[in-house]
Amino acid sequence: MPRVQAATSPSDPLAEARRASLVLVLPILAGLTTPWAVWAAAGWIDANGLAVASMLLAAMYMHAVWWLGDREAALRARFGRRYTPPSADLALAVCMGLAGSMVAPGLSAAALVGVVGLPRASGLIDSYDPLALGASGTTIDLSRVIPGRGELDVVPGGVAHITVPRFGTPTAFALSWSAVEGAFCFAPSQCLTVDRRSGRVSVHHAEIGRITAVGAVPPPDSARDGAPWEIMNLFR
């Protein structure tokens, strides 16, 4: 008997739409996971690497759009479809996807810094150990509870400096400190507890600041001795 050629049925539009969406979402997902994967493997991320990742993912996204366009042209030729221009909503979604693929690494890196802190994300330290930080020097951002600059510079040698406003003039204070396991202390009952993973600083289980830099900061030209009342109020 003569062989009867089966009619080729057109592909499922819903399945094609799902496949296209998946192809376009993959570069964005790659951008969201790249900073975490690089940090887990190498122990650090930097701005140059994020810029390169953004450009590569944008190129990957454009390649995916090009591939989908070629696939659509092949399907039109196969099933005899007419070309119809994409809707304005679809064109906007594709453009937003391109923007998303470029900003995804930066947004993911910001989330990483929010979790582990900038010094650890940049590979300067493995953990926020007050004993090690006291030997190298560090800066604690207390701006959420202390007005003005609100940064406490812990300097090796047992002296910390902070500048607070006094009668409209920034005034530096020098106060003694000591490092113990998990905390910087100014007195036996006045300690800033440091989370080793995130660098968050707390007093009585209430977060008041965060370690933002590692390394000794030059002391001010002149400073008053003793802790200002802004520091003392943290422990009441």
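What follows is calculated from the coordinates using simple rules that are stated; it is not laboratory data. No experiment lies behind these values; they were computed from the predicted model shown. Using ideal geometry, Cβ is built from the backbone for each residue, glycine included, and neighbour counts are taken over all protein chains shown.
Amide H contacts of Val159 (H built 1.01 Å from N, in plane; Pro and chain starts excluded): Trp177 sit under 5 Å, all sequence-distant by 5 or more or on other chains. Over segment 130-235, all Cα pairs binned in 10 Å intervals from 0 give whole-percent P(r) values of 16, 55, 27, 2, listed from short to long. Each of Asp46, Asp141, Asp225 was scored by other Cβ atoms within 10 Å of its Cβ. Listed from fewest to most, they are Asp225, Asp46, Asp141.
Based on alpha-carbon positions alone, could you give the equivalent ellipsoid semi-axes of segment 13-116 from the gyration tensor, as √(5λ), descending, whole Å?
Details: eigenvalues 223, 29, 25 Å².
So the equivalent ellipsoid measures 33, 12, 11 Å along its semi-axes.
Couplings for segment 56-70, taken from phi via the Karplus curve 6.51 cos²θ - 1.76 cosθ + 1.60 with θ = phi - 60°, read 5, 6, 5, 5, 5, 5, 5, 5, 5, 5, 4, 5, 5, x, 5 Hz in order; Gly and Pro are left as x. The label-point distance for Trp66 and Thr33, in a model that sets each label 7 Å from Cα toward Cβ, rounds to 2.5 nm. Using the Cβ-Cβ distance between Val145 and Ser189 with R0 set to 30 Å, the FRET efficiency from 1/(1 + (r/R0)^6) comes to roughly 0.95.
Put in line by how crowded their Cβ is, counting other Cβ atoms within 10 Å and starting with the fewest, Glu181, Glu207 read Glu181, Glu207.
Computed from the alpha carbon atoms alone, the convex hull of the chain holds 202 Å³ per residue.
Fewest first, what order do Ile211, Ile140 take by the number of other Cβ atoms within 10 Å?
Details: Ile211 27, Ile140 23.
Taking fewest neighbouring Cβ atoms as first place, the list is Ile140, Ile211.
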